[in-house]
Amino acid sequence: MNKKNPLIAFLGNEKWQWLSIPVFAVVLSIVAGSVVMLLMGKNPLAAYVGILQGAGLVPKPNYAGGTGMLTDFTSFLDALAPMIFAALAVTVGFRAGLFNIGIAGQMLLAGFFATLLVGYSELPWYLAKPLVLIIAVTAGALAAGLVGYLKHRFNISEVVSTIMMNYIIAYVTSYYIKSYFVNPVSRQSEYIQPAASLTLKNLRVGGVRIDVSIGIVLAVAAALLVYYLLYKTRLGFEIKAVGANKQAAEYAGIHIGKTMVTAMMISGGLAGLAGATFYLGHYASMQPGVLAGLGYDAIATSLLGNNHPLGVLLASVLITTLDKGATYMSSKVGVVREISGVITSLILLFSATGTYIRYRVNRQRLEQKEQPISPAPGEVSADNEEKSREASLKEGGDEA
Amino acid sequence: MKDAMISIRNVTKRFPGIVANDNISLEIRKGEIFALLGENGAGKSVLMSMIFGLYEPDEGDIWIKGQRVTDYSPRQAARMGVGMVHQHFKLVENYTIAQNIVLGMEPVKKTLGFLPLVNLTESEKEIEALSHRYKLDVNPRARIEQVNVATRQKVEILKMLYREADILIFDEPTAILTPQEIEYLLEIIRELRENGKTIILVSHKLEEIKEVADRCAILNRGCLVDIRDVATTSTREMANLMVGREVMLEVNKPAPVFGDVVLEVENLRVKSQDQVEVVKGVSFQIRAGEIFAIAGVSGNGQAEIAEAITGLKPATDGTIRLNQVAITHYPVRQRNLEGIAYIPEDRQAYGLILEDPISDNLALKQYFQEPFSTPGGKLRPEAFVSYARRLIDTYDIRSNRGEASITRSLSGGNQQKMIIAREIEQDTPLIIFVQPTRGLDVGAIENTWQQILREREKGKAILLISLELDEIMALADTIGVIYNGEMLEIQPASALTAIEIGAYMMGVKEHE
Amino acid sequence: MMDRMIIDGLAFALPLFIIAVGGIYSERSGIINLALEGLMGFGAFSGALAVVLVLRSFPGLQPQGIYIAMIFAMVGGALFATIHAALCIYFKANQVISGVVINILSVSLTAFLTRQLNSLIFKAPSDRFQLGVASRITIPGLSEIPVLGAIFRNLYPFQIVIVLVAVAAYVLFEKSRYGMRLRACGDNPHAVAAAGVDVERIRFSAVVISGALAGLGGISFAYSISANFSPMIYMGYGYLAIAALIFGNWGMTTTLGAALLFGFARSGGYELARALEMSSTFNDITMTLPYVLTLILLIFFSKTNRVPRSLGEIYDKGKR
Amino acid sequence: GGGSEPAAGNGGQAEADGEALRIAIVTSPSGVDDGSFNQDNYNGILAFVENHGNATVNAVQETTGDVAAAVQAVADVVADYDVIVTPGFQFADISSIAKDNPEKKFILVDANPTPQDGQELFDNVYAMTFAEEESGFFAGVAAALETKTGKVAVVNGIAFPSNVNYQWGFESGVMYANKHFGTSAQVVELPSYAGTDVTNTNVGGNYVGNFADPATGKVVGNALISEGVDILFVAAGGSGMGVFTAAMEAEGIYVIGCDVDQFDDGVYSGGNVILTSVLKNMSINVERQLNAIVEGSFQGSNELLRANTDSTGFVWGDDRHQLSAETMEKLEEVYELVQAGTIVPSANFNGHSPDNFPGL
Ligand SMILES: Nc1ncnc2c1ncn2[C@@H]1O[C@H](COP(=O)(O)OP(=O)(O)OP(=O)(O)O)[C@@H](O)[C@H]1O
Ligand SMILES: Nc1ncnc2c1ncn2[C@@H]1O[C@H](COP(=O)(O)OP(=O)(O)OP(=O)(O)O)[C@@H](O)[C@H]1O
Ligand SMILES: [Mg+2]
Ligand SMILES: [Mg+2]
């Protein structure tokens, strides 16, 4: 009991727990993933390097014509953008005490309207691109705002209403896509005009093809903005207060309904941007009736990022890396791609235990610290007595 | 030694960062009423919880009826005849009284010859009989959510009796009762002793201990200070032992100077969530420099009056005027700005955001104004910090990491200080205190009372809602008694005695 | 037409209902269960795997296959549910998040395992387990009643099993000791602990039961829809079950009503489309019927909803 | 991107040495072991590898099914292989990669490469599509010959050209049998499931409206069965499993599978519902092209494959279908006529209609 546990020392530093605990979860899952791969007779190290190579973070041994590490890396950034937006959307909802399970639906709706209204138009890029963003934000915000309103006005659980809306949005957009702008070969919507795309595709830099993602710039900016919003503004203060304790917020004079709807609209707006960068950026068309799995993964990403906008940035990088590098890893090492999905779920599983780890670690740490407080009789030293007094002063009841 | 029902030997219990019980040894004899007193956080509840098997001692052991207990749990405790009425009731709200009482040892009856299904008809009869015998009349079929605190307490006692417990632990049973109910409860406790039960009574209220207990143990910061025979120890002595210094048990209240009417409530009506009218046409006025106290048994509408004035609940009828302005339909924020400060009853649910730092909580009512935020809506963290530091200093709020401490990590008393500090600092003409000293120990109570009186002297109008008659008698200039949503009587404090108020609180009108 | 609507509606409503009952067990004990989707899928996977394995060695058991599948689906669902239970109860994880994580894990794990097992054990590459069809049963006599007789016509064996299991689940939940304690846990776990009952054990078992029931529902869907197990089973019916139980206010009978409403709105939608002779492109629109209906009805009924008091709260023995 | 320069040339080396051919098969969204479409392609590669000891094959899967994701998956791995086999319309856009990697060979199944700057043919892409109407035709003939109720039907996913080809081919087959073999089968179409093709024309038929909705597939199947249909030709992707289930649950109903031999999917307690399966023979064509690559005769082209190369057809193996000997005989008869080009069944855009096509 008394020996210093280095792990506890590492995890116990409260100031860094927001980072150290998720890192611990990630390390655990990487170890678990390695075990699985060893059991399958594969080399885990090669697999993990493969993932990094596939995501363009480490150079591959050879590249195909017109591609280089920069191709993979820019493509990775392009995929990263919607993940950041989606996870931020979850974070904002979460902070307001609302569980936005409808990210996927809001993304789809936003992508749909942006595609429909701008994607096929002849507008020049300087009108089309901003318009795509505006339409996506509006569509997402309205859809999610409705959820907030239903919750406030009719006490409809946002979990249920977002699930229902996901279905409705998926089916209705599917109908329109299939009826009006499907491509019979690809069986999904026609490609949008490049002018409307949020990714400048297939640019050449020194003979190497790259995708320049406008979305990633916006996404990083959005993360900083959300950080600013939550921690530096009045509205953020109100959102967090409502999320942490509705009754106290109401008592403080905060308008609960308005704050919930606003938070939901911000969340939906971010989801809309996720949709725009996903359907009109990373991809340039939509699969009818398919809700992006990203919308659900984002929930877990936000958790991994501790529901903190900057943590979300890091978590998004990690989850996107795993997803993006999986194909190359699978090809290189010869394990099925799903293994990366399994590792991702493991990371999430372990990070879900973060609160528990924090609780245990803090407890152990306190106990370690506290050991000298109640020594066996006869061992009392002046030093110990001093500490014991401090401890009880700190934690004990107030003396009048 | 032979008649020791419970024997605690060198028991130590630690929680992270605190020694809740430090090497405590004591013995409780068969058939006595043993009292336990101590400040908030002295470790009384923890000690009782160990006797009841909820916690396990870190060191030392517990003997019950001459048997050393190992692998102890509430189930084991019940089997050994130990029962406990917890400080915070442990009842299932949507169950009937009978269901609550039998929970954990539900009677089953074979249905269709093989299916063991719960059958309560027998138990309901048994409970009825039991409640008659101990004068604890309850309706076994009533749901807990529909009954008042006094009845809930009866249910807790019946739970123990139903389990045939012969060691009964009461953890602060009287904190929430009216004087009459307290009298009645003490009567029951005595009666239980007559029936051969052994009783442990935890209380802050020295009078009660003086009245019923045989012996008492005093705890201070987890250590056992002394064990005394109650008959030969004065209440003052007990108080001093408990706090560790001289305590002034009464306040000196200067003569009032009343100013203009600040708050005017006229014919106020409020409905509860289930659309039941809980405030039925209440009217009263409070002048500057006046403490107006509403006395009443919990659940008679006094909480709703406060909520209607502060805007947390809508008034269905009537007018509320603050400094001649009708604010009946103003939103909460606007009322606060018009000049209402409010110390709510449930500090954890309403008053504070426990996961946030002290600095945020202290600015909870002002964060949207200069200097805490700019007109554009940007926060100024430095303003939060400096403001918090000033209040922490002025109001002696103790925490481990200053203004950055997470509020949850503060003790209850310090949390209460935070709320009082924040609200008083609003410098509003009206301050509403609801149960300001609930759960506080004598020292903290004394402190809070002083603060309330200081505000009165500054010419604030004060609405005090309290279940504690002592508090009302000590502070009020004017007393209104509420019963069943109606204000039965409003009188200057000097015109009423505690007994009279108690009678009104029970719904007895003057002419009866 | 009425006939087909009733038969199809019931075949959809009953599995949905039993999954929702699983949800009720978990949520009334105080544990939010968004994991139903994943539990359902994993249950279906286990049942399908079991039946495929058994039939490989004992082809003669074909007629009993569906019962074997149901048993193993319940076992598999229950086992998988222990993850959710452990996370929520012992690791004090956020219950909503745990549920989402379980769902993600379930999808990737079953897809992975189905493919691996098919090539490893059966040497027959496939991304699904072929189940074989469940022969349907018509109850003589009762099925002759006009209109309502359809209820007793063309029943799947699993429908009868579900009704029996549901009755047992109802009795256990409403009438037994265990059920009484379970429901108390969802209201005030501290009261239950003080009564000497192990709250964590009750909650753990409740979540495990929810997994078993969700697994039963999952394998029923697998049988009734495509007669095989493939990741296509993750069509969101678990989420729909959650909607049903919230709509049903966490009560068994009311939830049955909600599930039936879904079932009949769905089959009714199909019939409506046929009656109106709308072209297949409109299928997507008619599919929204149950969801739109739910949203509208929720507007009227949600105000009075009463969530189990301790739902989602992390139970901590020490907390006062 | 400095590191990319020296690596770029490495890809073509192995092939030039005439050494081990490195093959990848990229699939989307299900894997090579789907026991169906992808599997058939994979089998073609495996057969090739068996005969060329040093050739290797690696399977890569993309799970979302999105076209851009599918192409990205190819881009991710292309550097490490000499030949990439891509089964499925999702991969039509690999032409852009093909253009950048002239030394790599691509075998694209079921789609033609997307034109790049007006270029439709690529030297290093062999694209094969199949005359679905021929397969559908064989199904129609078989159905008309085998029906007892005199009512047959075709169930499809969405009215994309490939599906309409199957549908009209099937209807042509029924017409042909009615005219030449004395049958009187009727093709049942439910107006509520009529399809609208890419030119917004109502093409009739029975369309589920989705390729991945077995639940609705079952509803459509049941609706047809209740109309008296006893043989259903199912070309509806994943939704088809629902139709199979409907058939299994009813009595005396048979289905005709498509693309690959689906006999194993039809097993149930009462026997097997698969009457027969009509085929796209992908494996032999994949193997042919791989052989062409090692022989140096590979040539990029976009081929519409027909019965004349044995690329369309039906199941021959005796234990893999339940047709009567008589029906088989007649099928062989029409097969030869189709091979010879005497019969040209109606397809979505070939200008013929099911009641008026060459050979009727
Ligand atoms: N579960 C727990 N975890 C951590 N600390 C605890 C726990 N329970 C009690 N404590 C701490 O132990 C000390 C003793 O608490 P206890 O509840 O016994 O006080 P008490 O004497 O009953 O006070 P009160 O008069 O306020 O009821 C307190 O400082 C409290 O903070
Ligand atoms: N569940 C818990 N886990 C951890 N610490 C707890 C828990 N419950 C209470 N505490 C600790 O108990 C203290 C607050 O408890 P409580 O309200 O009993 O205060 P107190 O010690 O009685 O003080 P006061 O005299 O001011 O009321 C804090 O120090 C807090 O850290
Ligand atoms: Mg306290
Ligand atoms: Mg206590």
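Can you tell me which residue is most open to solvent (accessible area, probe 1.4 Å) among those in segment B:37-64 that are part of a strand (DSSP E or B) and within 14 Å of chain A (Cβ to nearest Cβ)?
Quick first cut of segment B:37-64, residues part of a strand (DSSP E or B) only: B:37-38, B:59-64.
Now narrow it down to the ones that are within 14 Å of chain A (Cβ to nearest Cβ): B:37-38, B:59-60.
Working: B:L37: 0, B:G38: 0, B:E59: 81, B:G60: 37 Å².
For segment B:37-64, the residue satisfying everything is B:E59.
Regarding D:F122, is this residue more than 15 Å from the chain's Cα centre (by Cα), over 23 Å from A:V182 (Cβ atoms), within 14 Å of chain A (Cβ to nearest Cβ) and in a loop (DSSP other than H, G, I, E, B)? Yes; evaluated as a whole, the condition is true for this residue. Going through (1) free of Cβ contacts under 8 Å to residues at least 12 places away in the same chain; (2) facing chain A (nearest Cβ under 7 Å); (3) not charged (D, E, K, R) one by one, C:S98 falls short only on (1). The criterion of being away from every other protein chain (no Cβ under 12 Å) and within 11 Å of ligand 1 (Cβ to nearest atom) does not hold for B:L26. Taking segment B:67-144 as the region of interest, the helices (runs of 4 or more DSSP H) fully inside it that hold 3 or more residues being of a type outside the set (V, I, T) and crowded, with 21+ Cβ neighbours inside 10 Å are B:74-79, B:97-102.
Can you report the number of residues in segment A:30-71 which are in a helix (DSSP H, G or I) and either open to solvent by 10 Å² or more (accessible area, probe 1.4 Å) or more than 20 Å from A:I216 (Cα to Cα) (or both)?
So the answer is 23.
The residue of segment B:426-471 that is nearest to ligand 3 (Cβ to nearest atom), among those that are part of a helix (DSSP H, G or I), in contact (Cβ under 8 Å) with a residue 40 or more places away in the chain and over 17 Å from B:A293 (Cα atoms), is B:A444.
Against the list (1) within 14 Å of chain D (Cβ to nearest Cβ); (2) within 20 Å of A:I299 (Cβ to Cβ), the condition C:C88 fails is (1). Residues in segment B:406-425 that are within 18 Å of B:G41 (Cβ to Cβ), modelled with pLDDT of 85 or more and either part of a loop (DSSP other than H, G, I, E, B) or more than 16 Å from ligand 2 (Cβ to nearest atom) (or both): there are none.
Looking across segment B:204-240 at every residue that is among the small types (G, A, S) and within 16 Å of ligand 1 (Cβ to nearest atom), the one that is surrounded by the most Cβ atoms within 10 Å (Cβ to Cβ) is identified as B:G222. Restricting C:V133, C:V199 to those that are open to solvent by less than 60 Å² (accessible area, probe 1.4 Å) and farther than 30 Å from B:S73 by Cα reduces the list to C:V133. Checking each residue in segment B:177-203 for being of a type in the set (A, V, I, L, M), surrounded by 21 or more Cβ atoms within 10 Å (Cβ to Cβ) and outside any helix (DSSP H, G or I) picks out B:I199, B:I200, B:L201, B:V202.
Only a single item in (1) surrounded by fewer than 19 Cβ atoms within 10 Å (Cβ to Cβ); (2) small (G, A, S); (3) within 16 Å of ligand 2 (Cβ to nearest atom); (4) facing chain A (nearest Cβ under 8 Å) is not met by B:G377, and it is number (3). Hey, any hits in segment D:122-138 for a residue that's out of contact with any Lys or Arg (no Cβ under 9 Å at 6 or more places or on another chain), in contact (Cβ under 8 Å) with a residue 12 or more places away in the chain, open to solvent by less than 10 Å² (accessible area, probe 1.4 Å) and among the polar types (S, T, N, Q)? So far as segment D:122-138 goes, no, none of its residues is out of contact with any Lys or Arg (no Cβ under 9 Å at 6 or more places or on another chain), in contact (Cβ under 8 Å) with a residue 12 or more places away in the chain, open to solvent by less than 10 Å² (accessible area, probe 1.4 Å) and among the polar types (S, T, N, Q). I need the full set of residues from segment B:429-447 which are more than 16 Å from ligand 4 (Cβ to nearest atom), open to solvent by 10 Å² or more (accessible area, probe 1.4 Å) and within 14 Å of chain A (Cβ to nearest Cβ), in order please. Residues satisfying the conditions are B:E446, B:N447.
Results for (1) free of Cβ contacts under 8 Å to residues at least 24 places away in the same chain; (2) away from ligand 4 (no atom under 16 Å from the Cβ); (3) under 29 Å from the mean Cα position of the chain (by Cα), shown as yes or no for each residue.
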{"site": "B:T12", "(1), (2), (3)": "no, yes, yes"}
{"site": "B:N23", "(1), (2), (3)": "no, yes, yes"}
{"site": "B:F52", "(1), (2), (3)": "no, no, yes"}
{"site": "B:K65", "(1), (2), (3)": "no, yes, no"}
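Taken together, C:L55, C:L61 contain a single residue that is over 21 Å from the mean Cα position of the chain (by Cα), over 30 Å from D:T64 (Cα atoms), within 11 Å of chain D (Cβ to nearest Cβ) and surrounded by 20 or more Cβ atoms within 10 Å (Cβ to Cβ), which is C:L55. Looking only at residues of segment C:142-158 that are in contact (Cβ under 8 Å) with a residue 60 or more places away in the chain and assigned to a loop (DSSP other than H, G, I, E, B), we find that the one that is least open to solvent (accessible area, probe 1.4 Å) is C:Y156. Being on the phi > 0 side of the Ramachandran plot, in contact (Cβ under 8 Å) with a residue 40 or more places away in the chain and either of a type outside the set (S, T, N, Q) or assigned to a strand (DSSP E or B) (or both) is the requirement here; does B:G31 meet it? Criteria met by B:G31. Just so you know, in segment D:147-170 the residues that are more than 11 Å from chain A (Cβ to nearest Cβ) and either part of a helix (DSSP H, G or I) or of a type in the set (S, T, Y) (or both) include one that is most open to solvent (accessible area, probe 1.4 Å), and it is D:T149.
Within segment D:277-293, if we keep just the residues that are of a type in the set (V, I, T) and out of contact with any Lys or Arg (no Cβ under 8 Å at 6 or more places or on another chain), the residue that is surrounded by the most Cβ atoms within 10 Å (Cβ to Cβ) turns out to be D:V278. Of the numbered criteria (1) of a type in the set (D, E, K, R); (2) away from ligand 3 (no atom under 15 Å from the Cβ); (3) within 14 Å of another protein chain (Cβ to nearest Cβ), the one B:R408 fails is (2).
Run down B:S7, B:S45 and say which single residue is within 16 Å of ligand 2 (Cβ to nearest atom) and among the polar types (S, T, N, Q).
B:S45
Looking at segment C:195-249 only, could you name the residues that are within 14 Å of chain B (Cβ to nearest Cβ) and at pLDDT 85 or above? Hits for segment C:195-249 are C:A195, C:V197, C:D198, C:V199, C:E200, C:R201, C:I202, C:N249.
For the subset of segment B:302-339 comprising residues that are assigned to a strand (DSSP E or B) and among the hydroxyl-bearing types (S, T, Y), which member is nearest to the other protein chains (Cβ to nearest Cβ)? The selected residue is B:T316.
Within segment A:299-311, residues that are over 15 Å from C:I102 (Cα atoms) reach partners that are among the polar types (S, T, N, Q) and assigned to a helix (DSSP H, G or I) with beta carbons closer than 8 Å, at six or more positions or on different chains, in the pairs A:S302/A:T91; A:G305/A:T91; A:G305/A:S316; A:N307/A:T91; A:H308/A:T91; A:P309/A:T91.
The C-beta contact set for segment D:176-195 (first residue within 14 Å of chain C (Cβ to nearest Cβ), second residue surrounded by fewer than 16 Cβ atoms within 10 Å (Cβ to Cβ), distance under 6 angstrom, 6+ apart or interchain) comprises D:V188/D:E227; D:P191/C:E277; D:S192/C:E277; D:A194/D:N202. The selection criterion, being β-branched (V, I, T) and either at pLDDT 95 or above or open to solvent by less than 20 Å² (accessible area, probe 1.4 Å) (or both), does not hold for A:V212.
The values are calculated or read from the model by the stated rules, or taken from the named source; none is laboratory data. Treat the numbers as computed from the prediction; the structure is a model and nothing was measured. Cβ sites come from the backbone with ideal geometry, for glycine too, and all protein chains shown count toward neighbours. Note: areas computed on protein heavy atoms with side chains; ligands, DNA, RNA excluded. Shrake-Rupley method; radii C 1.70, N 1.55, O 1.52, S 1.80 Å.
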